[in-house]
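The values are calculated or read from the model by the stated rules, or taken from the named source; none is laboratory data. Treat the numbers as computed from the prediction; the structure is a model and nothing was measured. We place every Cβ from the backbone using ideal geometry, glycine too, and count neighbours over all the protein chains shown.
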């Protein structure tokens, strides 16, 4: 069974599973989910807790020994298996697969993983764990989902904001969910209950937005020109290496060009990415993406000093073009 962290509270109210597997890119949501599971376990009489850290080079035989020892105790226990790398190795994979098949009386297991890729998700050990219990995915909160997420958090402090307020708050905390949580908690302390204003947010909330390189690709697919400019400005200020950013953008361009030409991309795309790529590819033809790859070549020459020009400015032009602005618009027949 697989659920999201948003669905976890409802699932816990219906009853506890003997095994939970937490994974996903959003650390804050994974940590909060783990706390919810611990609280539910404690309320159900699981008063003891044991933690197994699966660090590189660890002895996985200890896991089997722990299973034998746990079955000797009458006290209900929560057993946590933490795998910080998400890669248990050959011996670890065998141990986890065996663990998934065990029925240990009065024991609840919680396996904690970071974000996993599609190959790990299809591995024998992971499918065995998820099949024996409940997989809880801590999905990243997208920019489009962030205002709703902030509204839910504000409601916990009996505060609310208009769509404009929520968008303004999202601009200040995007890409940094832990800081977003802290800023919302600060608003609950500094401002009274009820409606909050943009002016109040401007005075109370620090701009803690932080962007990864993926944020630019997301903004391109969302056709959000203002956000693209903000992302690029932030990445430049943070010292993000432009060659890496250009490489990532070219990789996306090649994928878009392939899909626009009616061919299958050479690399694996998750269902969400497939949908976004297909939508963007429909807005242009393969020749348009090919032209932007030539522009990328010019930007590369600018970075190397072979050609004059502002590489960051040209990156912005390219991104705006990919978003559907006239820079990349199809020429009229």
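Does residue 192 qualify as being outside the structural domain of residue 250 (by TED's automatic domain parsing), surrounded by 15 or more Cβ atoms within 10 Å (Cβ to Cβ) and not in a helix (DSSP H, G or I)? No: the conditions fail for residue 192. Within region 274-288, residues that are more than 16 Å from residue 222 (Cβ to Cβ) reach partners that are assigned to a helix (DSSP H, G or I) and at pLDDT 85 or above with beta carbons closer than 7 Å, at six or more positions or on different chains, in the pairs 285/260; 286/257; 286/260.
Here are 248, 263: which of them is assigned by TED's automatic domain parsing to the domain that holds residue 281, over 23 Å from residue 167 (Cα atoms) and not in a helix (DSSP H, G or I)?
Selected residue: 263, the only one of 248, 263 that is assigned by TED's automatic domain parsing to the domain that holds residue 281, over 23 Å from residue 167 (Cα atoms) and not in a helix (DSSP H, G or I).
For region 107-137, a residue qualifies if it is more than 23 Å from residue 77 (Cα to Cα) and touching a residue at least 60 places away in the same chain (Cβ under 8 Å), and the qualifying residues are 114, 115, 116, 118, 137.
Matching residues to (1) touching a helix residue (DSSP H, G or I) at 6+ places or on another chain (Cβ under 8 Å); (2) within 21 Å of residue 126 (Cα to Cα); (3) touching a residue at least 24 places away in the same chain (Cβ under 8 Å):
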| position | (1), (2), (3) |
| --- | --- |
| 4 | no, yes, yes |
| 9 | yes, no, yes |
| 19 | yes, yes, yes |
| 32 | no, no, yes |
| 48 | no, no, yes |
| 55 | no, yes, yes |
| 85 | no, yes, yes |
| 100 | yes, yes, yes |
| 105 | no, no, yes |
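In summary, strands (runs of 3 or more DSSP E) completely within region 1-99 and bearing 1 or more residues that are touching a strand residue (DSSP E or B) at 6+ places or on another chain (Cβ under 8 Å) and surrounded by fewer than 17 Cβ atoms within 10 Å (Cβ to Cβ) occur at 2-4, 48-53, 77-82. Can you tell me which residue among 285, 300 is farther than 26 Å from residue 140 by Cβ, modelled with pLDDT under 85 and in the same structural domain as residue 244 (by TED's automatic domain parsing)? Step by step, each of 285, 300 is checked, and only 285 is farther than 26 Å from residue 140 by Cβ, modelled with pLDDT under 85 and in the same structural domain as residue 244 (by TED's automatic domain parsing). Residues that are surrounded by fewer than 18 Cβ atoms within 10 Å (Cβ to Cβ) and either farther than 13 Å from residue 214 by Cβ or more than 22 Å from the chain's Cα centre (by Cα) (or both) within region 251-263 comprise 254, 261, 262, 263, listed in sequence order. Looking at region 134-146, which of its residues are at pLDDT 95 or above and either surrounded by fewer than 19 Cβ atoms within 10 Å (Cβ to Cβ) or part of a loop (DSSP other than H, G, I, E, B) (or both)? The one that is at pLDDT 95 or above and either surrounded by fewer than 19 Cβ atoms within 10 Å (Cβ to Cβ) or part of a loop (DSSP other than H, G, I, E, B) (or both): 138.
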